[in-house]
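Novice: Before anything else, here's the structure in question.
Please treat every number below as a calculation from the coordinates, not as lab data. The shown structure was predicted, so the numbers you read here are calculated from the model rather than taken from an experiment. No Cβ is skipped: glycine too gets one built from the backbone with ideal geometry, and neighbour counts run over all protein chains shown.
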Amino acid sequence: MTSPLSPATLGTDQAAARLHEFTVIDVRTPGEYAAGHLPRALNIPVDQLRHALPELRHAAGRGGLLMVCASGARSGNACALLAEQGIPAATLAGGTTAFAAAGHDLERPVACDARSGWAMERQVRLTAGTLVLLGLLLGVLVHPAFALLSAGVAGGLVFSALTDTCGMAVVLGKLPHNRPRPADLAATLAALRAR
């Protein structure tokens, strides 16, 4: 049995059936959010959650909070941060990726351009693979020391898996194509207060 502040984990079908009970908070980057999000989800990137604590506490007092990201890792971290502040929240197992794979619809803004269509996980795989190949190619053609680039990327991937963090995603999230618009935290907080 979980304590009131232990994050509950909802499956995709369970979450879809109970969406009306929750205030859904998508903690991904604005670019990821624009590429598709759960119906009625509000975007508060995980790095801005601390600024929204009063509104999140208020929303949790009116009903459940469901934290969502691409895979469930960031939303799980968000739930832990909220639990430290005494705010109960649930997370979606598998995130928006699993939600869409289960056949549930995602909302996509009309103004969403094609540049924001790649999920962060796909961008990380492309970047890591490109750096590994580049390191190997330069190690063969230019100097063997360039193979250390490939070793560094491999070490970063192992560290990422062990710590459930991703430094490469943080860096890629700051690129202009991953920020088609800044997160309008003021508008999101106003929407949270109005609900």
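Novice: Who wins for biggest fluctuation among Val46, Val27, Val140 in a Gaussian network model of the chain, springs between alpha carbons below 10 Å?
Specialist: Of Val46, Val27, Val140, the Gaussian network model singles out Val140 as fluctuating most.
Novice: What nm value, rounded to one decimal, do you get for the distance between Asp184 and Glu107 when each label is placed 7 Å out toward the C-beta?
Specialist: Placing both labels 7 Å beyond Cα along the Cβ direction yields 1.3 nm.
Novice: Pull out the extension gain between Gln85 and Leu133, defined as 0.36 nm times the separation in residues minus the alpha carbon to alpha carbon distance; nm, one decimal.
Specialist: 12.9 nm
Novice: How far is the Cα center of the range 26-45 from the Cα center of the range 143-192, in Å?
Specialist: 17
Novice: Report, in deg cm²/dmol and to the nearest 500, the calculated mean residue ellipticity at 222 nm for the chain, where each DSSP H run with n ≥ 4 adds -39500 (n - 2.57) and the sum is divided by the residue count.
Specialist: Taking each H run of at least 4 residues, the total per residue is -15000 deg cm²/dmol.
Novice: To the nearest 0.05, how large is the calculated FRET efficiency for Ala147 and Ala191 if R₀ is 35 Å and r is the Cβ-Cβ distance?
Specialist: 0.10
Novice: To continue, here is another question. Multiplying the sequence separation of Val140 and Ala161 by 0.36 nm and subtracting their Cα-Cα distance, what value in nm do you get?
Specialist: Working: separation 21, 0.36 × 21 = 7.56 nm, distance 2.85 nm.
Extending this stretch completely gives an extra 4.7 nm.
Novice: Answer with one residue from Val158, Gln85, Ala145: the one whose Cα lies farthest towards the positive end of the charge dipole of the chain, charges on Cβ with Lys, Arg +1 and Asp, Glu -1.
Specialist: Selected residue: Gln85.
Novice: Using Rg and Dmax of the Cα atoms in Å as the read-out, say which of [x] 18.5, 63; [y] 19.3, 62; [z] 15.6, 45 was calculated from these coordinates.
Specialist: [x]
Novice: Let's see if you can work this out: charge +1 on each Lys and Arg Cβ, -1 on each Asp and Glu Cβ, no other charges. What is the dipole magnitude of the range 17-59 about its Cα centre, in debye to the nearest 20?
Specialist: Working: 5 positive and 5 negative charges, 20 e Å.
The calculated dipole for the range 17-59 is roughly 100 debye.
Novice: Which of these, Leu141, Leu149, Leu172, has the largest mean-square fluctuation under a Gaussian network model of the chain (Cα springs below 10 Å)?
Specialist: Looking only at Leu141, Leu149, Leu172, the biggest GNM fluctuation is shown by Leu141.
Novice: Springs between alpha-carbon atoms under 10 Å, Gaussian network over the chain: tell me which of Gly173, Gly156, Gly76 tops the mean-square fluctuations.
Specialist: Looking only at Gly173, Gly156, Gly76, the largest GNM fluctuation is found for Gly156.
Novice: Rg over Rh of the range 117-176, using C-alpha atoms and the Kirkwood radius, what does it come to?
Specialist: So for the range 117-176, dividing Rg by the Kirkwood Rh gives 1.03.
Novice: Turning to a different aspect of this structure: Rounded to the nearest 0.05, what FRET efficiency do His58 and Ala17 have when you use their Cβ-Cβ distance and R0 = 22 Å?
Specialist: 0.30
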